[in-house]
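In what follows, a structure is listed as structure tokens, so that the remarks can point back to it.
Every number here is computed from the coordinates shown, using simple stated rules; none is lab data. Everything numeric here is computed off the predicted structure, so don't read it as measured data. No Cβ is skipped: glycine too gets one built from the backbone with ideal geometry, and neighbour counts run over all protein chains shown.
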Amino acid sequence: MTSDHKLGREGERLASHYLTKNNFSILNKNWRSGRYGEIDIVANDLKTKELVFIEVKSRSTSTDDAKELVTKNKQKQLYKLAKSYLYTENKGKHACRFDVIAIRISKEGNKLEHIKNAFYNEGNY
């Protein structure tokens, strides 16, 4: 496993821990669709009752602006993955949103930023 892979897995672990402490119920981690790729985390937001597709971005430096970590192409891919997830998991029409969790992992301490509704989606699928 590469160091980037280890960093990514550690970020997903930290994100999962954060989510469970903040009224989210995790449904899936690393959900794969052979056609479109992988969703890092799928969770229910227990406050809003929304199904949330979460992209986790882990960095060892703070040079990136968290809001710019998910490119337009990645957003399109996540939208396709979400539609595939809803169909495959028989979720039907469901209120959904896309969040990004950006984590800077360093020796000085970890910093987590949770961006809700990080990019446009069409609401109910």
Principal-axis tilt of helix 72-88 within the chain, Cα atoms, nearest 10 degrees: 50 degrees
Positive-end residue, the chain charge dipole about Cα centroid, Cβ charges, pick of ILE54, SER84, SER25: SER84
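Under a point-charge model restricted to the Cβ atoms of Lys and Arg (+1) and Asp and Glu (-1), what is the dipole moment magnitude of the chain relative to its Cα centre, in debye to the nearest 20? Before the final figure, lay out the partial values.
On the way: 24 positive and 16 negative charges, 46 e Å.
It comes to approximately 220 debye.
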Over the chain: helical MRE at 222 nm, DSSP H runs n ≥ 4 each giving -39500 (n - 2.57), nearest 500: -10000 deg cm²/dmol
Cα gyration tensor shape for the stretch 15-84, rounded if a/c is under 1.5, else prolate or oblate: oblate
Point-to-point label distance, ASN22-LYS116, nm (Cα→Cβ direction, 7 Å offset): 0.9 nm
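As a quick test, which of the pairs LYS6/LYS49; LYS21/LYS49; LYS6/LYS72; LYS57/LYS107; LYS49/LYS72; LYS80/LYS116 have an alpha carbon distance above 28 angstrom in this structure? Working shown, then result.
Working: LYS6/LYS49 32 Å; LYS21/LYS49 16 Å; LYS6/LYS72 25 Å; LYS57/LYS107 18 Å; LYS49/LYS72 26 Å; LYS80/LYS116 19 Å.
Flagged as over cut-off: LYS6/LYS49.
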Percentage relative contact order, the chain, counting C-alpha pairs under 8 Å, at least six apart: 23 percent
Amide proton proximity set for ASN28, modelled H, under 5 Å, gap of 5+: VAL42
Folded to 0 to 90 degrees: helix 3-21 orientation relative to the chain principal axis, Cα: 60 degrees
Debye log10 I(q)/I(0) for the chain, one point scatterer per Cα, at q = 0.21 Å⁻¹: -1.30
Mean Cβ neighbour count within 10 Å, used as a protection proxy, ranking 70-77, 38-45 highest first: 38-45, 70-77
